[in-house]
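Asks: The structure under discussion is supplied below as structure tokens; questions concerning it will follow.
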There are 2 protein chains.
Amino acid sequence: MSARAIPVEPLAEEETLSLGERAYRRLRDGIVQGTLRPGSRISERSMANALGISAQPVREALRRLEQDGMVVTLPRRGTVVAEIGPERLAELGRIRAALEGVAAALAAERMAGEDLAELARIVRGMRTATAAADTEALAELNERFHAILQGATGNLFLVKSLEALRAYDDLGRLRALGSTPKDMPKALREHVSILAALKARDPALAEARMRHHVLRSLTTNGVLAAPRQGR
Amino acid sequence: MSARAIPVEPLAEEETLSLGERAYRRLRDGIVQGTLRPGSRISERSMANALGISAQPVREALRRLEQDGMVVTLPRRGTVVAEIGPERLAELGRIRAALEGVAAALAAERMAGEDLAELARIVRGMRTATAAADTEALAELNERFHAILQGATGNLFLVKSLEALRAYDDLGRLRALGSTPKDMPKALREHVSILAALKARDPALAEARMRHHVLRSLTTNGVLAAPRQGR
DNA sequence: CATGGACAACTGCTATAGCAGCTGGCAGGG
DNA sequence: CCCTGCCAGCTGCTATAGCAGTTGTCCATG
């Protein structure tokens, strides 16, 4: 009975999501937040009654996490949390930069006019939030900006992959300091330039700018080291 | 009993893989090969006894396919095969090109010497296979080349994502003609140049060349149209 | 004829039970 | 003391049963 030692709390009935989905997010957050440390073993049964649910949803979540590269399970042996060191985190950041770049390129080609208008509204909000140094609102707007852009591509694979990568990004943000203090004007200029490329329907330009934006953001957050990364 | 109409044959005991894994691959192949057409509904139970197995492995496979963007399920409503038109296929190709590019960049930094030697061996084999016009051996070598390169990155997320994307690639290859007839020398030159960039430990160069290689390959296969794609 | 409501037949989702394989320790023979 | 084989206790994995929503049909009612 080592179930008591498992650093996970039972699932509340928070929302209307399926137990499998909730277990997935819970475990994912547990991994990126470090409460489930790399190398630690996760038993389907133990984790199940630690969460107060059955074993299937847990197993389902573990299979999805395995596809995300967060855990690795040896058949009939056990499931362990994968190692996510700083270098691995940097890799994932570069991957995310590349994918967001492709998303921007696709969006530049397909994006509807109303979505562009919505992005323009968001950027406008960013400008005021930057002036007011409202980091919280800025984070919210930033998330919406990327979400709309990715959603505009209509590509499920892209959206799902970036969603998974975003979880890792939170991990990087936790290990480094909190949110970025004084690069907000820089981020604002980058968003403006990205929007301009989107409006101009220039895929290559949008991709380059988006990629640079993500890489720069990761660099100032300490996830990436040298400023000469990935071109 | 509409189970008889489901275009899937029962699972043989082919290998030692789990039923969930086998169902995942079977369904994935069924989708990319067109036997499970877009828009068609997939019932867990029906598919289960069509495959001669229980419902859980099928459900498990469906959840993974959903994360790949191949199916979309409405809670308590049903699961349907997602639409994968030519334009979506082109998008996925560009995504794959970007990811393989990042993989090449990472490999250029981290790759061990013995892996480089193995790649050199493979490229040497490609040279003779190209001279002999042995398309089958060439496809095999090509697969090994990319597999070793991706494996050298040691990044699970990258490997898993590219594995899923490769399935879509097969779909594109099916819709277009068969394997490439006369661009083999071009592919050989590209592999040689990629290997050179890897040996030189030049991440940016390796990435650019790999990305160009994949995009060019997709273009000659008819998956991509204009030669001015993605930079 | 139109309309509304109940019922049957689905669906995805969850829980329980039990299988087969692996591991580690403990006893018994060398 | 060391080695070997057994065995209990794990593990992931699969099957069965049943839950709870959704949908479509069919009959009764206005």
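Asks: For region B:78-89, in order, what is each residue's ³J(HN,Hα) by Karplus, 6.51 cos²θ - 1.76 cosθ + 1.60 with θ = phi - 60°, in whole Hz (x at glycine and Pro)?
Replies: Calculated HN-Hα couplings, in order: x, 10, 10, 6, 5, 6, 10, x, x, 5, 5, 5 Hz.
Asks: Shifting gears a bit: I'd like the distance between the alpha-carbon centres of region B:58-125 and region A:12-66, rounded to an integer number of Å.
Replies: With region B:58-125 and region A:12-66 each reduced to a Cα centre, they are spaced 25 Å.
Asks: I've got another one for you. Which distances in nm, rounded to one decimal and ordered from shortest, link the label point of B:Asp183 to the equivalent label points in the other identical copies, with labels set 7 Å from Cα toward Cβ?
Replies: The answer, with the shortest distance listed first, is 3.8 nm.
Asks: Residue by residue through B:46-56, how many Cβ atoms from other chains fall within 10 Å of the Cβ on average? Intermediate values should be presented prior to the final figure.
Replies: On the way: counts 0, 0, 0, 0, 0, 0, 0, 0, 0, 0, 3.
Rounded to a whole number, the mean comes out at 0.
Asks: Go through B:Leu17, A:Leu188, A:Leu99 and list them by solvent-accessible area, largest first, probe radius 1.4 Å.
Replies: Details: B:Leu17 55, A:Leu188 25, A:Leu99 0 Å².
From most exposed to least exposed: B:Leu17, A:Leu188, A:Leu99.
Asks: Any idea of the accessible area per residue across region A:86-220, 1.4 Å probe, to the nearest Å²? Display every interim value, and only then the final one.
Replies: Working: 5680 Å² over 135 residues.
Accessible area per residue, region A:86-220: 42 Å².
Asks: Another one. In deg cm²/dmol, rounded to 500, what helix-only [θ] at 222 nm does chain B give when every DSSP H run of at least 4 residues adds -39500 (n - 2.57) and the total is split over its residues?
Replies: Values: 9 runs with 154 residues, N = 231.
The helix contribution divided over chain B gives -22500 deg cm²/dmol.
Asks: If Lys and Arg each add +1 and Asp and Glu each add -1, what is the summed charge of the other residues whose beta carbon sits under 15 Å from the beta carbon of A:Ile148? Please report the intermediate quantities before stating the final value.
Replies: Values: positive: A:Arg110, A:Arg121, A:Arg124, A:Arg144, A:Arg166, A:Lys199; negative: A:Glu100, A:Glu114, A:Asp115, A:Glu118, A:Glu140, A:Glu143, A:Glu163.
Local charge sum for A:Ile148: -1.
Asks: OK, next. Using a Cα-Cα cut-off of under 16 Å, which aspartates and glutamates could be cross-linked to A:Lys199, ignoring same-chain neighbours fewer than 8 residues away?
Replies: A:Glu109, A:Glu114, A:Asp115, A:Glu118, A:Glu190, A:Glu207
Asks: Using a 1.4 angstrom probe on heavy atoms only, work out the carbon and sulfur share of the accessible area of chain A in %. Provide the component values of the computation, followed by the final result.
Replies: Details: 5840 of 11250 Å².
Of the solvent-accessible surface of chain A, carbon and sulfur hold 52 percent.
Asks: Please compute the net charge surrounding A:Met210, taking Lys and Arg as +1 and Asp and Glu as -1 over other residues with Cβ under 12 Å from its Cβ.
Replies: Numbers: positive: A:Arg96, A:Arg209, A:Arg211, A:Arg216; negative: A:Glu100, A:Glu190, A:Asp202, A:Glu207.
Result for the neighbourhood of A:Met210: 0.
Asks: Just checking the output field for A:78-85: average partner chain Cβ neighbours within 10 Å of each residue's Cβ?
Replies: Rounded to a whole number, the mean comes out at 1.
Asks: Partner chain Cβ atoms within 10 Å, averaged over the residues of A:195-206 - can you pull that number for me?
Replies: 1
Asks: Give the B-A buried accessible area in Å², both sides summed, 1.4 Å probe, nearest 100. Can you show the working numbers first?
Replies: On the way: alone 13060 and 13030 Å², together 22530 Å².
Between B and A, the summed buried area is about 3600 Å².
Asks: Excluding B:Ala112 itself, calculate the net charge of residues whose Cβ lies under 13 Å from the Cβ of B:Ala112, where each Lys or Arg counts +1 and each Asp or Glu counts -1. It would help to have the intermediate numbers written out before the result.
Replies: Numbers: positive: B:Arg110, B:Lys199, B:Arg201; negative: B:Glu109, B:Glu114, B:Asp115, B:Glu118.
After counting each charged neighbour, the total is -1.
Asks: 7 Å along Cα→Cβ for the label point: how many nanometres lie between A:Arg25 and each equivalent label in the other copies, listed shortest first?
Replies: 3.4
The values are calculated or read from the model by the stated rules, or taken from the named source; none is laboratory data. For clarity, every value in this text was computed on a predicted model and none was experimentally measured. Cβ sites come from the backbone with ideal geometry, for glycine too, and all protein chains shown count toward neighbours. Surface accessibility is based on the protein's heavy atoms, side chains included, excluding ligands, DNA and RNA. Shrake-Rupley method; radii C 1.70, N 1.55, O 1.52, S 1.80 Å.
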